[in-house]
Amino acid sequence: QLGDVSCRRNTFLFAGSLIEQLTTEKYECMVCCEVVRIVAPVWSCQNCYHVFHLNCIKKWARSPASQAEDGNSGWRCPACQNASMQVPKTYTCFCGKVHNPEWNRNDIPHSCGELCGKKRQSLDCPHLCNILCHPGPCPSCPAFVTKTCECGQTSHSVRCGQSTKFHCSNVCGNTLNCGKHSCTQVCHAGKCSPCQLIVQQVCYCGSNFKEVLCGTKEEFSDGLGNFSCQNICGKKLNCGRHNCTQVCHPQPCQLCPRLPQVVYRCPCGQTPLSKLLELGCVERKICTDPIPSCGKTCGKPLSCGSYEFIHTCESLCHEGDCRPCSRTSNIYCRCGFKKKVSYDRFLFLIAAITFMCDKRCNKKRSCGRHKCNEVCCVDIEHKCSLVCGRKLNCGLHRCEEPCHRGNCQPCWQTSFDELTCYCGESVIYPPVPCGTQPPECKKTCTRPHDCDHPVYHSCHSEEKCPPCTYLTQKWCMGKHEPCIIPRLYCNHPCMAPCHPSSSCPTTSCSAKVRYSKENPLQIHRQIVWFSYQLIRVVTKNDVVLCIGSMTFFLIAAISIATKLTDLQLGDSVEISRLITKKEMKQARLQCDEECLALQRNRHLAEALEIDDNSDPFNVRSSGPKYSDLLKEDARKDLKFVSDIEKEMRMLVEAVNKGKHTKKSHCYPPMNRDHRRIIHELAQVYGIESVSYDNEPKRNVVITAVK
């Protein structure tokens, strides 16, 4: 009784804990690990009484992971692993009487609020549960009943449903299985042992005997014997002339099948014996008299033949077995594709069952992937018996369901370990579906690196870190990137690609030169300088001219050679007589809006007595100083230049507003002209720009420093 009280107390504690957690919405479903809400449809296991979401338990029951090990015992409960055959379909209260119970704040969640009325767990308790509909197991019955000992001679008053059994000291005395003797053991549990006395039994026909335990096979006794010896009975029939041909059997033997009062027709069964007697046949008196024949063809169906055509006996009406069939039979395979001829009725019966053709079925199976390929196939649905075996969405496990059409179900494997990033700062708590990637982490990568430079990338799940983005200085072979050696004849930089082991190539200078309009003094100076350079050119037989002044210098050079002495003495040369007006017009630069603006500003400065070299409003130093070449590039490809400027502006703003002292941005590989635009814009924005790698993968990395 003390154990029963402890059991009742544990039951109440378990049920009370369930009620409290369900009411306060602190109970979690073991499938989805989400809180079970008051209004959510649920299902409760009748073995362990755990509560699950109804939709969660439906999905679990259909998943391969829930199937029992033998594959035929249904699905397993996620908590207690108890196997069930039926998949829950409806939402009911805990006692099962009400479907879709409505929540009442005065009742237990998911209950109907009425008496439970379920049968208690104790097998011998006839009383139903008398508390309100509740989760968990029903408490033990509080009623008291009178129970007897095992032999039934002594009785005691105990609590109903108590499983404890007691024994008295009396002899059992109950009748044994033989029904003849009594049990001699002291009061004991369970059934009495079988009677151990040895008796002799005889078979039904009386020809065989055997010794067995008393009461063995007493239910098969017919009063004369207890078992069949499986031999022919052989007893004399009631006629006294013939013996019984049946296997040893209980009960009396049947009447002689040849008695006159039993036989009414000829052997073939087509003609009554009364008609044959009218035709003069002798009347039979005893069973040994022959049965008259009608003289017709026997016509009894033989065991050979087919469903379409049945073979019959062709002999005249006779007694005994029919002769073997003289005809042939067509035997078809089970799919009906082939047939063969049989002459023997016994071979026909065997071949009709075992004959199969060698044709293989070419139809697709239900999965749509494999062919049936069965020999002599008679299947209609052609279900595929292979396992699907395709990889699931997790990429780790394979589908274990029978081969099917369409996509496989998501992987049902679940891990109950925490999934963390490499550094352990970001965590995904269980249950973690199979195939889940580690969480994204914002912390700086803590993996060991090959270099000692600062790390700018975040924590990642890949084993290999991305390349180091820290910018370092590295010289080219000539310790410069474009060649900056002054040209021999114009003093502009070479600007060709680095060539440390060779002299500067002979190329046209692309530098632009600004000339004032209608300024004779400046023109005179340019003529003098060009004349001097021309002498050097003629001397060294090497001509290199700037593109912007080539036409003008060629025109002036016509008279310079003859007036060189006058130029050295300070005289001027009128070149307008040496060239045509058309050539002069082509050589003179036309004034544009910039010239008009400069002239207007110059007049305004003279009126206000402002020095040309002063910059009171910081106009010359403010704003980006775009080169003419960069402006020309922007006119040709405005979108590319705008995108580059946008990236640089965002990089500078990110450095100024962020915590890092520097940030870098890597542009994709591009051609030389685009890389030049990036370098020039980087100078305007005051950021570093370095080119890396070789052609055609050469790219530019820009770095902004706070």
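The values are calculated or read from the model by the stated rules, or taken from the named source; none is laboratory data. Worth saying up front: this structure is predicted, and the values here are computed from it rather than measured. All Cβ positions, even for glycine, are placed from backbone atoms using ideal geometry, and neighbour counts span all protein chains on display. Surface accessibility is based on the protein's heavy atoms, side chains included, excluding ligands, DNA and RNA. Shrake-Rupley method; radii C 1.70, N 1.55, O 1.52, S 1.80 Å.
The table below gives the values:
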read-out	value
Extension gain (nm, one decimal) between residue 235 and residue 115, 0.36 nm per residue minus Cα-Cα	36.2 nm
Within region 32-63, backbone nitrogen closer than 20 Å to the virtual label 7 Å beyond the Cα of residue 408 toward Cβ	59-63
Per-peptide average of other Cβ atoms within 10 Å, ordering 449-457, 47-55, 147-155 highest first	47-55, 147-155, 449-457
Nitroxide proxy distance, nm - points 7 Å out along Cα→Cβ at residue 210 and residue 335	4.9
Spin-label proximity, residue 99 to region 49-78 - amide N less than 17 Å from point 7 Å beyond Cα toward beta carbon	54-55
Calculated P(r) of region 11-139 - Cα pairs past 20 Å, %	45
Distance (nanometres) between label positions extended 7 Å along Cα→Cβ at residue 261 and residue 400	7.3
Exposure rank, largest accessible area first [144, 166; 1.4 Å]	144, 166
Å² per residue, accessible surface of region 628-705 at 1.4 Å	63
Of all accessible heavy-atom area on region 628-705, the percent that carbon and sulfur account for (1.4 Å)	51
Extension reserve of the residue 200-residue 171 stretch, reckoned as 0.36 nm per residue once the Cα distance is removed	7.6 nm
Solvent exposure of region 11-139 as accessible area per residue, Å², 1.4 Å probe	56
Full-extension gain in nm, residue 688 to residue 318, via 0.36 nm per residue minus C-alpha separation	121.0 nm
For region 10-42 and region 244-315, distance of Cα centres in Å	80
Rg to Rh, two decimals, where region 628-705 supplies the alpha carbon set and Rh follows Kirkwood	0.98
Rounded FRET efficiency, nearest 0.05, which uses the C-beta distance separating residue 32 from residue 473 and R0 of 60 Å	0.60
